[in-house]
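Engineer: Please read through the structure below; I'll follow up with questions.
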Amino acid sequence: MDKTGLVPASGVAPDGIALIELTDSGLYCRAGDFHVDPWRPVANAVITHAHADHARAGSARYLAAAPGCSLLRHRLPGAAVEPVDYGEPRRFGPVTVSLHPAGHVLGSAQVRIEHGGEVWVVSGDFKRQADPTCAPFEVVPADVFITEATFALPVYRWPDTATVAQEVADWWADNARRGVASVLFCYALGKAQRLLAELAPHLDGRPVFTHGAVESINAVYREAGVTLPDTRRVGDGEQDYREALVLAPPGAGGSSWMRRFGEAATGFASGWMLLRGNRRRRGYDRGFVVSDHADWPGLIDTVEATGAARVLTTHGQSDLLARYLAERGVAAAAVATEFEGEGDATLQ
Amino acid sequence: MRRFSELYQALDATTSTNAKVAAMADFFRGAPPADGAWAVHFLAGRRLKRLVGGARLRRMLVEASDYPEWLVLACYAEVGDLAETVSLLLEPAGADGAALPTLGELVEQVLLPLADCDEAEQGRRVVDWWRRLDRRERFLFTKLLTGALRVGVSQLLVARALAAAFDLPRSVIQQRLMGDWQPSPAFFEALTRPDDGSVEISRPYPFFLASPLDRPTGSLGAPGQWLAEWKWDGIRAQLVRRRGQTFLWSRGEELITPRFPEVEALAERLPDGTVIDGELVGWRDGVLPFAALQRRLGRKRVGPKLLAEVPVRLLAYDCLEIGGRDIRGSAQAVRRATLEDLARRLDGGTDAAGGPLTLSPLIDFTDWDALAAERARARELGVEGLMLKRGDAAYEAGRRRGGWWKWKVDPYAIDAVLIYAQAGHGRRASLFTDYTFAVPDEHGELKPIAKAYSGLTDAEIRELDRWIRRHTLERFGPVRSVPAQQVFEIAFEGIAESSRHKSGLSLRFPRIVRWRRDADAASVDTLADVRRLLTAGRPDPVAAAEDS
Ligand SMILES: [Zn+2]
Ligand SMILES: [Zn+2]
């Protein structure tokens with residue numbers, strides 16, 4: 001039995017080799033000679049999205065969905081990035097590759113790989129909830145579906161985003177009444193922009209203050225045509241933060257950067273905040289449940305919708321998801337990738 | 001139960017003591033008596049007797065969910081709490097529109113009757129309720145079914161909330177919460193009825209708390225404006241004598257009269273309408289070490305042997321009420337004179353130590369240097385240092401700066417509350433011996449201020465270990481969080497600003513001086529108090545530098 005789970009029982013490519021195999025560098029398509037989200041430098045890298053565990057520097061050529069190319073260039077300065085529109089086919093030798101929206105962050109893509117009438121789809125990171133800052137997930141029929149499994153436990157069901165935005169707004173209002181700043185920690189790429197867009201109806205013309213790491217990504221989003229509410233970089237000019245809402249990456253917590261706010265209420269926006277134990281453990285005053293990954297129903301529905309006869313799982317709870325699918329009659333196995341999902345730097 | 005479920009959410013969403021008290025007060029104000037009674041029951045940490053075991057509940061959950069057992073157990077392992085797993089795992093309830101029971105109805109008509117059902121019927125009923133409730137209510141339902149709420153409030157905070165909700169003195173509520181009670185509507189009505197004064201003859205006054213001396217004595221003004229006393233190593237207490245009855249209160253506003261029969265006996269000779277503030281100490285021809293007094297603590301009833309070995313006295317240093325008149329507004333010197341006058345009248349001019357009132361003596365001094373020399377003797381005398389009381393100071397409620405200073409031998413010592421514990425190493429690996437202590441900031445939020453490992457006796461460590469295990473709120477890895485209830489006096493060698501600490505301060509060589517069972521978490525030092533020590537420096541060298 002092949003440990004990687006990539007040698008298929010069915011769905012063998014015409015020349016007898018699995019269409020995608022796991023090498024030291026990552027997911028590799030030998031027939032087309034390219035990698036998907038390689039974690040070592042390679043000749044041809046097809047990139048699902050610009051998060052650090054999926055887009056690494058050093059490869060010779062990168063292919064990415066057009067809306068995400070500016071983000072990718074921002075993250076990997078000097079990289080040779082070739083944009084391709086969603087749905088537009090590209091040839092790698094005998095293999096046809098196309099990218100399809102994954103709904104994860106701006107320009108995030110699933111990779112559809114077709115060879116000799118067989119279709120594999122690599123989901124990358126994805127979510128099924130609506131997100132005003134990126135194109136919605138598209139179901140792509142597949143023979144083999146390689147899915148993420150970051151939150152693959154049935155306790156994970158995301159609340160409605162508008163409800164969470166209202167919770168953030170109420171929390172902010174409460175803190176403002178007490179005269180303390182509300183510092184909301186979130187990932188700088190994707191989560192921060194989604195939060196800004198979701199909070200827009202609650203702002204009443206007030207700017208949101210941002211950490212530099214967030215603000216530089218905001219600029220890339222705006223250039224790509226995404227509408228975000230008015231933001232101001234913390235530290236630009238004299239500011240009174242006592243009634244402010246501030247978005248900052250988790251790493252800024254506890255740093256000297258925080259000092260300027262004096263007494264501040266802190267919150268963290270993440271899928272992990274669904275669990276009370278995580279909310280306590282992290283030491284933030286409040287946790288808000290917002291994730292850019294699929295929740296349990298999202299994962300199960302998606303796997304079903306692709307019609308895939310085989311499913312390979314990556315990230316987080318990949319073993320559990322594979323076992324659950326296998327018990328339901330789907331040929332499923334976990335793949336040991338180096339992707340980290342929302343767990344990165346979240347919980348040590 | 002919806003309101004109580006919302007209260008739980010509010011308590012869970014904040015670490016601020018003040019916010020918790022406000023949320024509870026809100027709840028109590030609008031609560032029917034039966035709900036109020038059960039809320040007091042659960043919030044004060046009481047629980048229902050175990051109705052359904054954990055293993056049985058897990059089986060019910062597997063049955064109720066559409067998932068294989070291994071997946072349900074994986075969820076439980078991920079979440080770490082069965083009630084929370086139940087609340088998250090089951091399908092969100094459809095709004096069936098049926099009215100929910102009140103908290104009282106839920107407990108009395110749904111939960112308690114489960115005790116009379118067989119397992120199958122229990123399973124049917126519990127799963128049926130799980131399906132009817134939404135996530136939050138399902139969580140609360142299951143929590144009540146499995147045990148205590150553990151939401152980080154103490155009976156003392158509940159008393160504060162009730163006091164605020166019904167505009168009653170906290171001590172009245174505390175007194176009414178004492179002893180045996182059943183969570184009935186009648187109990188709640190009695191608990192919250194207006195204070196007509198007549199029945200509250202036991203009521204003490206809020207204690208006036210001294211602040212650590214944070215400035216050179218030279219800056220306090222003329223020595224003649226100040227009274228100095230020893231700072232006794234004992235237990236702060238108020239002795240109330242009214243209408244022929246005696247009530248002895250600890251600083252935690254706990255009624256401790258039965259534990260000190262000898263003090264009660266002596267107090268019988270006090271005139272009605274007298275309230276004395278002082279320190280309980282072990283006493284035989286003088287003050288016994290605190291370790292001796294400790295043998296008397298933690299025992300509700302003392303046997304004749306211990307009573308003979310460690311007799312206890314109240315060393316009186318203030319008089320708050322005389323002839324039924326509240327004299328807290330009078331000057332310190334006047335109250336002292338009243339106290340001395342009372343002692344003289346009672347023992348007819350004989351040695352004060354033989355009478356019912358043993359006075360904490362004043363220390364004569366004419367200049368600050370002389371007083372500093374006295375203070376240097378504190379250790380050999382077995383006292384903690386000196387108290388400085390301004391002659392014209394009124395007896396304030398709580399911690400007010402300026403009137404009373406504690407000038408301890410330990411340059412730095414604070415009262416802080418235990419919030420986390422961790423197992424030790426080596427010989428103590430099986431016991432929780434590494435502690436984290438906190439003090440409240442200006443919003444009442446607890447900020448960790450020190451970690452300490454040493455200073456308790458083995459017996460105390462074992463006792464605290466048991467308390468920690470019984471009161472664990474959360475586990476994260478090896479660390480457990482506990483309700484902020486146990487107060488400790490922490491001494492340390494130095495203090496500095498630190499951006500790496502949540503409190504903004506780091507303490508050098510902190511150690512536990514003592515477990516302050518007499519104190520409650522509401523009266524610990526504040527972060528502002530501790531911060532002031534930054535600028536104060538060690539009182540001694542500063543004073544010396546000024547003199548040179
Ligand atoms: Zn990602
Ligand atoms: Zn990922």
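Engineer: For B:GLU105, are the conditions met, namely being surrounded by 13 or more Cβ atoms within 10 Å (Cβ to Cβ) and acidic (Asp, Glu)?
Structural biologist: yes
Engineer: Residue pairs, Cβ under 7 Å, 6 or more apart or interchain, first in segment A:270-292 and facing another protein chain (nearest Cβ under 10 Å), second part of a loop (DSSP other than H, G, I, E, B) and among the small types (Gly, Ala, Ser). List them.
Structural biologist: If the second residue must be part of a loop (DSSP other than H, G, I, E, B) and among the small types (Gly, Ala, Ser), the pairs left are A:GLY277/B:GLY80; A:ARG286/B:ALA13.
Engineer: Does B:ARG50 qualify as being away from chain A (no Cβ under 14 Å), more than 36 Å from the chain's Cα centre (by Cα) and surrounded by fewer than 17 Cβ atoms within 10 Å (Cβ to Cβ)?
Structural biologist: So B:ARG50 fails the test.
Engineer: Of the residues A:GLY78, A:GLY87, only one is at pLDDT below 95 and either over 13 Å from the mean Cα position of the chain (by Cα) or outside the structural domain of A:ARG310 (by TED's automatic domain parsing) (or both); which?
Structural biologist: From the options A:GLY78, A:GLY87, the qualifying one is A:GLY78.
Engineer: Name the helices (runs of 4 or more DSSP H) wholly inside segment A:258-348 in which the number of residues that are under 24 Å from A:CYS134 (Cα atoms) is 3 or more.
Structural biologist: Where helices (runs of 4 or more DSSP H) fall fully within segment A:258-348 and carry at least 3 residues being under 24 Å from A:CYS134 (Cα atoms), they are A:296-306.
Engineer: Could you list all residues from segment A:25-60 that are out of contact with any Phe, Trp or Tyr (no Cβ under 9 Å at 6 or more places or on another chain) and away from ligand 2 (no atom under 15 Å from the Cβ)?
Structural biologist: A:ARG30, A:ARG40, A:PRO41, A:ALA57, A:GLY58, A:SER59, A:ALA60
Engineer: Go through A:THR147, A:THR163 for me and flag whichever is among the polar types (S, T, N, Q) and away from ligand 1 (no atom under 16 Å from the Cβ).
Structural biologist: Answer to the selection: A:THR163.
Engineer: Can A:TRP120 be described as within 16 Å of ligand 2 (Cβ to nearest atom), more than 14 Å from chain B (Cβ to nearest Cβ) and in contact (Cβ under 8 Å) with a residue 12 or more places away in the chain?
Structural biologist: no
Engineer: Mind listing whichever residues of segment A:181-218 are farther than 16 Å from A:GLY251 by Cβ and assigned to a strand (DSSP E or B)?
Structural biologist: Those that are farther than 16 Å from A:GLY251 by Cβ and assigned to a strand (DSSP E or B): A:ALA181, A:SER182, A:VAL208, A:PHE209.
Engineer: I would also like to ask the following. Please list, ordered by first then second residue, the pairs with beta carbon atoms under 6 Å, 6 or more apart or interchain, first in segment A:131-153 and part of a loop (DSSP other than H, G, I, E, B), second within 16 Å of ligand 2 (Cβ to nearest atom) and of a type in the set (Ser, Thr, Tyr).
Structural biologist: Listed by first residue and then by second, the contacts come to A:ALA149/A:THR313; A:ALA149/A:SER318.
Engineer: Residue by residue through segment B:237-250, note down the ones that are of a type outside the set (Ser, Thr, Tyr) and either farther than 26 Å from B:VAL487 by Cα or surrounded by 22 or more Cβ atoms within 10 Å (Cβ to Cβ) (or both).
Structural biologist: B:ALA237, B:GLN238, B:LEU239, B:VAL240, B:ARG241, B:ARG242, B:ARG243, B:GLY244, B:GLN245, B:LEU248, B:TRP249
Engineer: Yes or no: segment A:219-241 includes at least one residue that is more than 14 Å from chain B (Cβ to nearest Cβ), surrounded by 17 or more Cβ atoms within 10 Å (Cβ to Cβ) and in a helix (DSSP H, G or I).
Structural biologist: yes
Engineer: Here's something else I'd like to know. Restricting attention to strands (runs of 3 or more DSSP E) lying wholly within segment A:17-61, give those where 1 or more residues are more than 16 Å from ligand 1 (Cβ to nearest atom), buried (at least 23 other Cβ atoms within 10 Å of the Cβ) and in the same structural domain as A:ARG91 (by TED's automatic domain parsing).
Structural biologist: A:26-29, A:34-36
Engineer: Quick check on segment A:89-102. Is at least one of its residues surrounded by 21 or more Cβ atoms within 10 Å (Cβ to Cβ), within 16 Å of ligand 2 (Cβ to nearest atom) and on the phi > 0 side of the Ramachandran plot?
Structural biologist: Checked segment A:89-102: no residue is surrounded by 21 or more Cβ atoms within 10 Å (Cβ to Cβ), within 16 Å of ligand 2 (Cβ to nearest atom) and on the phi > 0 side of the Ramachandran plot.
Engineer: May I pose another question? Under 9 Å between Cβ atoms, at least 6 apart or on separate chains: pull out the pairs that start in segment B:79-90 with a residue that is more than 7 Å from chain A (Cβ to nearest Cβ) and end on any residue that is acidic (Asp, Glu) and assigned to a helix (DSSP H, G or I).
Structural biologist: B:SER87/B:GLU137
Engineer: How many residues does segment B:485-501 hold that are crowded, with 17+ Cβ neighbours inside 10 Å and either within 14 Å of chain A (Cβ to nearest Cβ) or closer than 15 Å to B:PHE432 by Cα (or both)?
Structural biologist: Final tally of qualifying residues: 1.
Engineer: What are the residues in segment A:49-67 that are out of contact with any helix residue (DSSP H, G or I) (no Cβ under 9 Å at 6 or more places or on another chain) and not small (Gly, Ala, Ser), if any?
Structural biologist: A:HIS54, A:ARG56, A:ARG61, A:LEU63, A:PRO67 - these are the residues of segment A:49-67 that are out of contact with any helix residue (DSSP H, G or I) (no Cβ under 9 Å at 6 or more places or on another chain) and not small (Gly, Ala, Ser).
Engineer: OK, next. Looking only at segment A:314-333, count every residue that is within 16 Å of ligand 2 (Cβ to nearest atom), modelled with pLDDT under 95 and within 14 Å of chain B (Cβ to nearest Cβ) and tell me the total.
Structural biologist: 3
Engineer: Sticking with this structure for a sec: Among the candidates B:ARG500, B:ARG470, single out the residue that is more than 22 Å from B:ARG531 (Cα to Cα) and either in contact (Cβ under 8 Å) with a residue 12 or more places away in the chain or not in a strand (DSSP E or B) (or both).
Structural biologist: Just a single option satisfies the conditions, and that option is B:ARG470.
Engineer: Scan (1) among the β-branched types (Val, Ile, Thr); (2) more than 12 Å from chain A (Cβ to nearest Cβ); (3) not in a helix (DSSP H, G or I) for the single condition B:VAL21 breaks and write down its number.
Structural biologist: Going through (1) among the β-branched types (Val, Ile, Thr); (2) more than 12 Å from chain A (Cβ to nearest Cβ); (3) not in a helix (DSSP H, G or I) one by one, B:VAL21 breaks only (3).
Engineer: For B:GLU384, which of the numbered conditions (1) crowded, with 20+ Cβ neighbours inside 10 Å; (2) within 14 Å of another protein chain (Cβ to nearest Cβ); (3) among the acidic types (Asp, Glu) fails to hold?
Structural biologist: Status for B:GLU384: all satisfied but (2).
Engineer: Among residues belonging to segment B:281-303 that are free of Cβ contacts under 8 Å to residues at least 60 places away in the same chain and in a strand (DSSP E or B), point out the one that is nearest to B:GLU254 (Cα to Cα).
Structural biologist: Once the filter is applied, the top-ranked residue is B:VAL281.
Engineer: Additional query: For segment A:173-210, what are the residues that are closer than 22 Å to A:TRP272 by Cβ and of a type in the set (Phe, Trp, Tyr)?
Structural biologist: Across segment A:173-210, the qualifying residues are A:PHE185, A:TYR187.
Engineer: A:ASP174 fails exactly one of the following numbered conditions: (1) more than 22 Å from A:TYR241 (Cβ to Cβ); (2) within 14 Å of another protein chain (Cβ to nearest Cβ). What is the number of that condition?
Structural biologist: Condition (1) is where A:ASP174 drops out.
Engineer: Something else: Looking at B:TRP368 and the list (1) modelled with pLDDT of 90 or more; (2) under 32 Å from the mean Cα position of the chain (by Cα), which single condition is not satisfied?
Structural biologist: (2)
Engineer: So, B:PRO68, is that one within 13 Å of chain A (Cβ to nearest Cβ), out of contact with any Pro (no Cβ under 9 Å at 6 or more places or on another chain) and over 24 Å from A:ARG279 (Cα atoms) or not?
Structural biologist: So B:PRO68 fits the description; yes.
Engineer: For segment A:101-111, check the following and say yes or no: at least one residue is within 13 Å of ligand 1 (Cβ to nearest atom), without any contact (Cβ under 8 Å) to a residue 40 or more places away in the chain and away from every other protein chain (no Cβ under 14 Å).
Structural biologist: So far as segment A:101-111 goes, yes, one or more of its residues are within 13 Å of ligand 1 (Cβ to nearest atom), without any contact (Cβ under 8 Å) to a residue 40 or more places away in the chain and away from every other protein chain (no Cβ under 14 Å).
The values are calculated or read from the model by the stated rules, or taken from the named source; none is laboratory data. These numbers come from a predicted model, not from an experiment. When we count neighbours, we look across all protein chains shown, and the Cβ atoms used for this are built from the backbone with ideal geometry, even at glycine.
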